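Some notes on the structure that comes next.
The values are calculated or read from the model by the stated rules, or taken from the named source; none is laboratory data. Please read all numbers here as calculations on a predicted model, not as lab measurements. Note that each Cβ is placed from the backbone with ideal geometry, even for glycine, and that neighbours are counted across all protein chains shown. Each accessible area value is taken on the protein alone, full model and side chains, heavy atoms only, with ligands, DNA and RNA left out. Shrake-Rupley method; radii C 1.70, N 1.55, O 1.52, S 1.80 Å.
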Amino acid sequence: MVVKNITEITYMGLLLNKLKDQKSEYLRESADQPINWFIWSEEAFEQAKKEDKLILIDVGASWCHWCHVMDENTYSNKEVSEIINENFIAIKIDRDELPDVDRKLQEAVSLITGNSGWPLTVFMTPDKKVFYGGTYFPAEDNEYQVGFKRILKEILRLWKEDRNRLINSSLDIISSSINIYSTPLSNEFVQKISDYVYSSYDFNFGGIDSEIKFPHPTTDQFLLSQHFKNKKYMDPVLITLKNMYYGGIFDHVFGGFHRYSTDRYWKVPHFEKLLIDNSELILSYFNAYLITYDRELLDAINMTVDFILNEMKNDIGFSNSIDADYEGIEGKYYTWTEKEFKEALGDLFDISLFIFDFYNLLEVEGRKVLSRKSVYEISNSLNISQEDSFKLINNIRNRLRKYKESWRKPRKDNNAYTYQNARAAEALLLSSLLTNKGIDESLNIIEKLGNSGRRINENGEKILEDLSSSLSSSLTAYEVTGDQKYLELSLNMWQETKDFKAEIGFKERRNVKESDTIFSDTPNESPNSIIIKSWLKLYQSGRIDFDEKMESLASIVMREPVFHSGLALSISSYINGIAHIVVIDENDEKADLLHKSSLLTYYPLKFVERITDERKDELPSYMREMLKYGNGSRVYVCKGKTCSMPIYEGEKIKFLLK
């Protein structure tokens, strides 16, 4: 047997790439591709320097539809793989495994081309400098895009004939930095940011105005936080949450939200479902419900909680994601033919045609994507109560769900990542105050966080998103349960954060340059935003000091307020007051009611504690002075060092915090 080149060996199965033994679902899925993939490692870069080869990086995820398309149509193409194997060192990255590396590469490609996303295609010099990139590329030229084969050949030509041009135009991902200056903190600053974010919304259909729409839960929550000053700020948030709930981005059968909408109306999504997205959306709907008591928002919460508990739960915690593709058809598991719809619904078919406006629904690959009318519209049109409308909708859901239960489930990434699980635990624990679901599952995860690395129950290096989300969820567990062990866990985690501290904000990893600090929401809330909220809560409780340069963070927000809304909420709270709500538990029947009322009172940033008699010395001195006023179980609401007189009724807590 004569072997002509490395690609031939690959095709004959004699040379395996380095992905088959990885824990990452996405990397293992690519183990049989005819490309000699490396993982992100010094070995790969040393090999590139040794052979004087350019580096090609593919960043994707198991849940990413177009990542699978590029894997199947581009990277599995024989000519493409031959070019890559002979001329490049190819690196495959799972963005859920290395989110910090992904963020840096996304930033670099966006600066060079104006585009980013997944799959992310990156070209680098052997010394880690990015000079070109993009997202999805087909193997061959088509009427919309230049093919990958042509791009590869042109890049190789430039590397051989005009190398200095490539090097001079490249970006060093290791030493990127941002200009930070001091911006005075004031209510005028917050007003300016609020108006900018407000004007970025689509006032007809909700969401940040764009032809393709991602949910932006952190942005929604920032605008909600400003409704005390002007109720107009709540309007685009409610338009967003309602239209998403009615639209195809919401799964009307199994609950939960798909990744994003391919149109401005939220009608046709890409069908992958992520634990992190659904966790953060629960928080948005939860906070909006506390303000409005809107039954449709509560239904969205219940459905999304049920989705996580029923579809994402595994032996360790919660799975990372569910794939969009099913039997080679995008979204087939979530879409319907008329025949399937009729078979599933029986005598409810005709009324469901009206509720979903079935014949006018948009389609993906010849199958209908469900979206429906509002409960208000259904009630008026059918002349029934809203309560009966919800019962009807639930009957329809049950029949559709029962029909699909005989189908094989879509592919799932069962990795129980710490960051995603911590966020899910926090969301489920808070929403359990309304749903009474997910309490045990949440606490089971939170109790594992102190000994978790990148995954639950697995030792190893944490990165900032793991630590920030773990701290936030453990603090929430303390607030909701009143159990002191969660406070102790939180304080231990806070000590650990000091290893990540940069001059401003926190670094992605313990031992990296200070320039590796990421503040932007993408649109998931940034680890820096999450950790600063927890810092402010502990500071307001009197347990730690706060010395962050908030004026410098304000300058970061000014650069792009929509994508720094998490920081904006913290800055606004820092200016206007963080609430410390202390429930003094005198072991009578009022304590439980006051505690729950405190938790279910909306306030942008608050810290709720339930303190028994033996723990009163933990409180700040200015609060201990207040304890002589009043008797029995009672509540004190403090902002800064100013506290209310004792409160004995839940409604008065809400009144004080308006």
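Give me the accessible area per residue for region 93-203, probe 1.4 Å, as a whole number in Å².
That works out to 49 Å² per residue.
Would you please put 493-504, 307-318, 215-226 in order of how densely packed they are, using the mean number of other Cβ atoms within 10 angstrom per residue and starting with the highest?
In decreasing order of mean packing, 493-504, 307-318, 215-226 become 215-226, 307-318, 493-504.
Can you work out D for region 99-204 in µm² s⁻¹ from Stokes-Einstein, where Rh is the Kirkwood radius over C-alpha pairs, the temperature is 10 °C and the viscosity is 1.306 mPa s?
94
How many angstrom lie between the Cα centre of region 514-540 and the Cα centre of region 234-287?
Rounded to whole Å, the Cα centres lie 24 Å apart.
Of the labelled options [x] 18, 47, 26, 8, 1; [y] 14, 35, 25, 15, 7, 2, 1, 1, 0; [z] 18, 49, 28, 4, 0, which one gives P(r) over Cα pairs in 20 Å bins from 0, in percent as computed for this structure?
Answer by label: [z].
So, for region 304-461, what is the accessible surface per residue at a probe of 1.4 Å, expressed in square angstrom? Before the final figure, lay out the partial values.
On the way: 6830 Å² over 158 residues.
About 43 Å² of surface per residue is accessible.
Using 7 Å Cα-to-Cβ label points, what is the ASN187/SER76 separation (nm, one decimal)?
6.1
Report, in deg cm²/dmol and to the nearest 500, the calculated mean residue ellipticity at 222 nm for the chain, where each DSSP H run with n ≥ 4 adds -39500 (n - 2.57) and the sum is divided by the residue count. Kindly include the intermediate steps, with their values, before the conclusion.
Working: 27 runs with 294 residues, N = 658.
Estimated from H runs of four or more residues: -13500 deg cm²/dmol.
Taking all protein chains as present, what is the carbon and sulfur share of the accessible area of the chain, in % to the nearest whole number, probe 1.4 Å?
Carbon and sulfur together cover 47 percent of it.
Which translational diffusion coefficient, to the nearest whole µm²/s, is obtained for region 518-619 from the Stokes-Einstein equation, given a Kirkwood hydrodynamic radius over C-alpha pairs, 25 °C and 0.890 mPa s? Numbers along the way, then the final one.
Numbers: Rh = 15.1 Å.
Answer from the Stokes-Einstein relation: 162 µm²/s.
I want to check the label-to-label distance for ASN230 and ASP592. Put each point 7 Å from Cα in the C-beta direction and report it in nm to one decimal.
With each label placed 7 Å out from Cα toward Cβ, I get 4.4 nm.
List, in the order given, every pair from LYS23/LYS153; LYS104/LYS160; LYS92/LYS409 whose Cα-Cα distance in the structure shown is over 30 Å.
Over 30 Å Cα-Cα: LYS23/LYS153.
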